[in-house]
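Taking it in order: structure first as structure tokens, then the write-up.
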Amino acid sequence: MVYMNWSFGILAGGKSSRFGEEKALYSWKGKPLIQHVLDQIDLPAYISANDPEYDRFGTRVPDLWNQPCPLIGILSLLKMIPTERLFVCGCDMPLISQPLVDYLHTFEGDLILPVSSDGEQPLHAIYSKNAIPAIEQALQSGSRSATAFAHQVNTVRVPIKETEWKNPFLNINCLEDFPS
């Protein structure tokens, strides 16, 4: 049975420096890129972003620390959500799939980390509130990697073949990255 007590978070607070403009709001196929992500998961979303512009997409969660990075966004979301587990993905991952997220929820652990042929996918993973102390410790020590704390918690690495899930880890960093 799929673990149902979870929340959905989207990281949208990045600078979009490689993209050249606010990529979450970039119109693709008639709607903002972030809306493509929202349309894939059947849950209300918590949006990690400081800009009030994102209030229209879900419950906006500002960064708790003034040094934006994905790990601070994840920590901020974990502290806000009403559930024990959080599936989090980037605002620039329009091909995520509900079936893959459901599959990841069949695993138990503090960090359910998909591993593709390109490596670990921490911006398409499940985090538990049990990881909060280890995340805070990593941030306080200056680590900013989304997996900096993984060795301190029960981390389950799940091998994923992208082709079975229609390329769910596709990440849009520039205009050339959009699928045709």
* Ranked MET80, MET93, criterion: other C-beta atoms within 10 Å, fewest first -> MET80, MET93
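Given a Förster distance of 25 angstrom, what is the FRET efficiency for SER27 paired with ASN50, based on the Cβ-Cβ distance and rounded to 0.05?
0.70
Mind checking the alpha-carbon convex hull of the range 23-127 and giving the volume per residue in Å³?
117 Å³
How big is the Cα convex hull of the range 107-180 in projection, averaged over all directions, in nm²?
Numbers: hull surface 24.1 nm².
Result: a mean projected hull area of 6.0 nm².
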* **Whole-angstrom gap from the range 116-166 to the range 38-59, using each part's C-alpha centre** => 21 Å
* Summed side-chain charge close to SER116 - residues other than SER116 whose Cβ falls under 13 Å, Lys, Arg +1, Asp, Glu -1 -> -1
* **Per-residue [θ]222 nm for the chain (sum of -39500 (n - 2.57) over DSSP H runs n ≥ 4, rounded to 500)** => -5500 deg cm²/dmol
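Just to confirm a number: summing +1 for Lys and Arg and -1 for Asp and Glu over residues other than ILE160 whose beta-carbon lies under 15 angstrom from that of ILE160, what do you get?
So the surrounding residues net to -2.
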* Would you calculate the separation in nanometres between label points at LEU43 and HIS151, each defined as 7 Å from the Cα along the Cα-to-beta-carbon direction? => 3.0 nm
* Using a simple spin-label model with points 7 Å from Cα along the Cα→Cβ vector, what separation in nm is obtained for THR106 and TRP65? -> 3.5 nm
* To do: Can you tell me the relative contact order of the range 76-180? Whole percent, Cα pairs under 8 Å, sequence separation 6 or more.
  => 35 percent
* Cα to Cα, under 20 Å, and not fewer than 8 places away if on the same chain: which aspartates and glutamates meet these conditions relative to LYS79? -> ASP51, ASP55, ASP63, GLU108, ASP110, GLU136
* Asked: So which trypsin sites (Lys or Arg not before Pro) in the range 145-180 end up in coil per DSSP with only 10 or fewer other C-beta atoms within 10 Å?
  -> LYS161
* What relative contact order, as a whole-number percentage, does the chain give when Cα pairs under 8 Å and 6 or more residues apart are counted? -> 24 percent
* Structure fact -> The alpha-carbon pair-distance distribution computed for the chain, with 5 angstrom bins and whole-percent values, is 1, 8, 18, 22, 22, 17, 8, 2, 0
* Give me the distance in nm between label points sitting 7 Å out from Cα along the Cα-to-Cβ direction at PHE178 and SER143, one decimal. => 3.8 nm
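We did not get these values from a lab; they are worked out from the coordinates using the rules stated. This one's a predicted model, so the numbers in the text were calculated from it and none came from an experiment. Because the Cβ atoms are built from the backbone with ideal geometry, glycine has one as well, and the counts that use them run over all protein chains shown.
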